[in-house]
Amino acid sequence: MGKASKGKSSKLVPATATRVMGAGELAVSELHGASALNVSTQPSAHEAWKRFAYELYVSLGGLEEDEFLILSVKNRPFYYVQFAAQGSFGMRAEASSSFYIPEEAAMSEEQHKYLLDLGWRAPSKLPDDLQSRHEADGSASYFVDLAKPVPNDRLAVLAVNTLRNVFGTPHPGELQYRAFSNKTAIRFPNLGIKRADA
């Protein structure tokens, strides 16, 4: 790019200058009948995750006994974090393990260690369809069982760090959710993400 000649002003219009519209140009204000229009830009991915974590914290506080909330990655639904409200017994949360992930997307040893470092307990049993009877204790997924009062803020942060940093989801807009109780769907529009098909 050549240097500007001395004595000649730059062709760029300063950001603070008032731009003169050309003939025939349409102004946005003409669509709304307003003299000015404020345009908001999208927050950064980090800020979006912070907002999502807060809304998840609020949503977890609204779950009642035998209600479930499942967060999954849209194009990789085998990556999930799910919550089961257990009334006076507290809350169970689970994150997908290798039992539920295709071999081509299997987690690395580093991801496994990261999950444990975050506070998840390692899978401790086979999936129900691979064993003769259901067992209440333990899980085939990564899991935590939290007594009341449930620290929903820490649980929301645990879920976000798992979805973002372990499962590699760059933005909460790439998530979807399902929430239900006894096959009755529950809506959490405050999460700001797509509600998955049942």
Exercise for the section: With a 1.4 Å probe and every protein chain left in place, tell me how much accessible area residue 94 has, in Å² to the nearest 10. Expected result: 30
Completion exercise
Sorted by chain and then number, the residues having a modelled amide H within less than 5 Å of the amide H of residue 97, at least 5 places away or on another chain, are 142
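Report, in debye and to the nearest 20, how large the dipole of the stretch 50-198 comes out about its Cα centre when Lys and Arg carry +1 and Asp and Glu carry -1 on their Cβ. Intermediate results must be reported in sequence, preceding the final value.
Working: 17 positive and 19 negative charges, 102 e Å.
Value, rounded to 20: 480 debye.
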Exercise for the section: Express in nm, to one decimal, how much length is gained between residue 181 and residue 89 on full extension, taking 0.36 nm for each residue of separation and deducting their alpha carbon distance. Expected result: 31.4 nm
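The values are calculated or read from the model by the stated rules, or taken from the named source; none is laboratory data. Here the structure is a predicted model, which is why all the values come from computation and not from measurement. So basically every Cβ, Gly included, is an ideal-geometry build from the backbone, and we count neighbours across all protein chains shown. Each accessible area value is taken on the protein alone, full model and side chains, heavy atoms only, with ligands, DNA and RNA left out. Shrake-Rupley method; radii C 1.70, N 1.55, O 1.52, S 1.80 Å.
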